[in-house]
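Right, one structure below, let's go through it.
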Amino acid sequence: LELLMIFLAQATPEELAIEVERLLLEDPTLKALTKDQQKTLFTAWARHGNQASLEEKFAANPEWLDAGWLAYAQVLAARKEFQAACELVSRFAVTPALPTVVKQKPLPELKRDLLLTTNDFVTGFAVYHAHVNAGETADALATLRKLTVSPRCPKYFSYLQAQLEMKSAAWENAWRAWKKFLEA
């Protein structure tokens, strides 16, 4: 099975379709596969396979979500069902460790400091946190959007952005933030 998983990750859509059909004939519930093997299968299927078929199978086998939630979310997002994709990811994604906030300076000073150095993520987190505590969701979200543009931005900022985008019902933005958070 390990060799099959390596093959599936590189298979053409036609080869993948044949192997998926064979696998499902032999083991319709995929119980013979480990969770990692299922994840590999679902990821390949979502990328190169028949997404409508994958969605049908997920509907018939909800227990597959434990291993395949991300692949299923990608299928939903490909169909522009961003809300459903985001809600699924939100249900299964592991909350990242967040830094401790130390009260340093008043918010106006923090904001000024962040303007001077846009890649100061400690100050950025303090600004975000101050806005959230003040109930200023739009300002917190604007801060996160500025910070997550940087390729060196810690991933937890994308997680926080996804959460706030969802609260704002900005589903496509939330999906982009989730994707950035989940990228390896």
> From the residues in the range 102-120 that are in a loop (DSSP other than H, G, I, E, B) and out of contact with any Lys or Arg (no Cβ under 8 Å at 6 or more places or on another chain), which one is nearest to S158 (Cα to Cα)?
Replying inline: D120
> For residues in the range 144-167 being small (G, A, S) and surrounded by 22 or more Cβ atoms within 10 Å (Cβ to Cβ), which is nearest to E81 (Cα to Cα)?
Replying inline: A162
> Under 9 Å by Cβ, and 6 or more places apart or on different chains, what pairs join a residue from the range 42-65 that is open to solvent by 70 Å² or more (accessible area, probe 1.4 Å) with one that is of a type in the set (F, W, Y)?
Replying inline: K57/W45; K57/W64
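Residue-by-condition table, conditions (1) in contact with a helix residue (DSSP H, G or I) (Cβ under 6 Å, 6 or more places away or on another chain); (2) closer than 30 Å to K57 by Cα; (3) open to solvent by less than 70 Å² (accessible area, probe 1.4 Å):
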{"position": "E81", "(1), (2), (3)": "no, yes, yes"}
{"position": "A85", "(1), (2), (3)": "yes, yes, yes"}
{"position": "L98", "(1), (2), (3)": "yes, no, no"}
{"position": "E136", "(1), (2), (3)": "no, no, yes"}
{"position": "A169", "(1), (2), (3)": "no, yes, yes"}
{"position": "W178", "(1), (2), (3)": "yes, yes, yes"}
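Quick one: would you say V89 is in a loop (DSSP other than H, G, I, E, B), of a type in the set (A, V, I, L, M), closer than 25 Å to K155 by Cβ and modelled with pLDDT of 95 or more? Talk me through it step by step, then tell me what you get.
Working: in a loop (DSSP other than H, G, I, E, B): no; of a type in the set (A, V, I, L, M): yes; closer than 25 Å to K155 by Cβ: yes; modelled with pLDDT of 95 or more: yes.
Spelling it out, it is not the case that V89 is in a loop (DSSP other than H, G, I, E, B), of a type in the set (A, V, I, L, M), closer than 25 Å to K155 by Cβ and modelled with pLDDT of 95 or more.
This table checks each residue for (1) closer than 20 Å to Q51 by Cα; (2) free of Cβ contacts under 8 Å to residues at least 60 places away in the same chain; (3) under 14 Å from the mean Cα position of the chain (by Cα); (4) not in a helix (DSSP H, G or I).
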site: A77; (1), (2), (3), (4): yes, no, yes, no
site: T95; (1), (2), (3), (4): no, no, yes, yes
site: T100; (1), (2), (3), (4): no, yes, no, yes
site: G135; (1), (2), (3), (4): no, yes, no, yes
site: L144; (1), (2), (3), (4): no, yes, no, no
site: C153; (1), (2), (3), (4): no, yes, no, yes
site: S158; (1), (2), (3), (4): no, yes, yes, no
site: W175; (1), (2), (3), (4): yes, no, yes, no
>> Residues that are closer than 17 Å to A77 by Cβ: list the helices (runs of 4 or more DSSP H) wholly contained in the range 1-63 that include at least 3 such residues.
In response: 35-48, 51-60
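Which is open to solvent by less than 40 Å² (accessible area, probe 1.4 Å), touching a Leu at 6+ places or on another chain (Cβ under 9 Å) and either among the hydrophobic types (A, V, I, L, M, F, W, C) or under 21 Å from V89 (Cβ atoms) (or both), of L141, L110? It would help to see each step written out before you state the result.
Values: L110 fails: touching a Leu at 6+ places or on another chain (Cβ under 9 Å).
The match here is L141.
The values are calculated or read from the model by the stated rules, or taken from the named source; none is laboratory data. Predicted, not measured: the structure shown is a model, and the values here were computed from it. Using ideal geometry, Cβ is built from the backbone for each residue, glycine included, and neighbour counts are taken over all protein chains shown. In case anyone asks, the SASA skips ligands and DNA or RNA and just uses the protein heavy atoms, side chains included. Shrake-Rupley method; radii C 1.70, N 1.55, O 1.52, S 1.80 Å.
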